[in-house]
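Remarks on the structure that follows.
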């Protein structure tokens, strides 16, 4: 074949391969071939950008979209001729038409896609990775220069009708919206999830079904659907649905639908029509109350509380078994049968099953109610669950004070043990029982004596429901005792006053010794007069006072000297050097005259005149020892007072204790001064006479 033949074949191929119609309008996405012989920059084709421009070598960016192929060829030849010489052989060809569009919304790869001529919406979605889970396929949008067209892509997939899909052009935008079922939270959906929430699409026409249905949701509206159809699409109603009061709202107008009546009669006229956008609500069955002439009610801690049919011959255990029986939290000892008449009968199921009671099985009748209460949990604050008529209060010094349930088979020790027993500070000798409905105060119970002396259970106090047990508390130490003395009863206390380390009010029981309570008060201090301790006994008909010489007890160890003290007594330890006015005259001896410390002194029968003189500091230097006078006070009105003279100087020279005058309490001892002796009186008279004689002689001489 010659060269000329080859040239013609090549021209024919070119003419058949490229479109060259002069009236074709160039648009974005078109692929153009610019031919300039000898220029390698134009060997590759050029594609029109989205903004309608081409970017040419040596020329730069030029606008070309919207021009016909002929007009674009003339314009390019003129521009390229300014830069290239071989422009006479310039040619412009349209190689391929492309469709650049955007696919946005609920797709896997949103963005720009480049499609060939003749492509459709399905190819565009496939190029964008397909629709995401939760996309609303029946509301796809095609946006062409601001004009939006909505089409049902789901219907196209169901029918294959291509006429449903709009044609696409360059620069179009396809938007895939999200289904309203997904809310405002991005999450993965599958077919089961979407089906469970309905298949509604357009919010304006979707039917909303909620309430007591199996699968509430939003469902698409289809002409001819009824309420029954919509309930079936929602999975039907639940067992708690109030089917007699279904609410339907059509165009803002509410209606009631009785599904039960429709199912009983089959009357289709009872079914209200539904329109696009209607709302269906199935309420919970709260208005319906099961009742009847043969109904028995079971409440409380049973597995299936409710109302049960009780035909003639139905027994108590039949009803209880139908209710599933008591739960593990039930207090089967306190079952109550509430009669229709208002009478309440108690039944102890536990005692009955254990054979501890001979009570008959209660009869139940229509209208009665069986109540099984909850078992009281002692680990929580549950005292409100126990009524006062079957509870006992335990307060005071116990480990777990509180309000406890009482059973008739329990004893005083049972309820005390239930409260954890007395604390280590408890005064077990002073436990008080306050009986319900009795104003009389009972004698305290000595639990300590019960334990130490061997308990006789018949002596335990009798307690019953409604009573109160109070366990008093002993002070922990002396200072605490002083601060909390109000917690001790007067009858169980001993009072210690005067010159002791810690005077105050002390807990005392009748087994304690006098020295025990004195030791608790830290004993007598250094100012105490231990020879004149006074004990006031108040437990007899009349109070009496005894005097204790504690010093004598310490000297002799004679236990008989110590008094017996009991609760309520008082102990007074006086001061040793107290003022003499604090003593009665019948208890003291007065010593006056020429002694170092005249005054009133306590005197005992064991003392003598010498002891008294020594206690008063002894006679002074000017004392007239030959004439000490002792005045004995008469002990009766028929006798007179008697005085005795004692010569202390003679006694010192010839000590004979038999010559000591008797001194008793109430007597007076006078030690005269030397100026009161007979010799001093005589000498004073002589001096007076001499003075007078001398005066007369002087006057006579004058």
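Laboratory data are not the source of any read-out in this text; all were calculated from the coordinates shown. None of these values were measured; they are calculated from a predicted model. A quick note on method: Cβ atoms are made from the backbone with ideal geometry, for glycine too, and the neighbour counts reach across all protein chains shown.
For region 191-282, the Kirkwood hydrodynamic radius comes to 13.2 Å, computed from all pairs of different C-alpha atoms. Short-range pairs are left out: with C-alpha atoms under 8 Å and at least six residues apart, the relative contact order of region 383-473 is 40 percent.
Computed over region 99-178, the alpha-carbon pair-distance distribution with 10 angstrom bins reads 20, 58, 22, 0, each value a whole percent. Structural descriptor for region 581-671: relative contact order 38 percent, calculated from alpha carbon pairs under 8 angstrom and at least 6 residues apart.
Put the Cα centre of region 426-456 next to the Cα centre of region 515-567 and the gap is 29 Å.
The base-10 log of I(q)/I(0) for region 72-113, evaluated at q = 0.27 Å⁻¹, reads -0.92 [Debye formula, identical scatterers on Cα atoms, solvent excluded]. Beyond 16 Å, the tail of the calculated P(r) for region 295-372 holds 46 percent of the Cα pairs. Highest average first, the peptides 168-177, 318-327 ordered by how many other beta carbon atoms sit within 10 Å of their residues are 168-177, 318-327. Neighbour counts of C-beta atoms inside 10 Å place 410, 112 in the sequence 112, 410, starting with the fewest. Peptides 23-32, 434-443 ranked from most to least packed give 23-32, 434-443, packing being the mean of other C-beta atoms within 10 angstrom over each peptide's residues.
Considering only the Cα atoms of region 581-671, their convex hull presents on average a projected area of 6.1 nm². Radius of gyration over Kirkwood radius for region 383-473, both on Cα atoms: the Rg/Rh ratio is 0.94. Using only alpha-carbon positions in region 17-96, the gyration tensor eigenvalues give semi-axes of 18, 14, 12 Å once each is multiplied by 5 and square-rooted (largest first).
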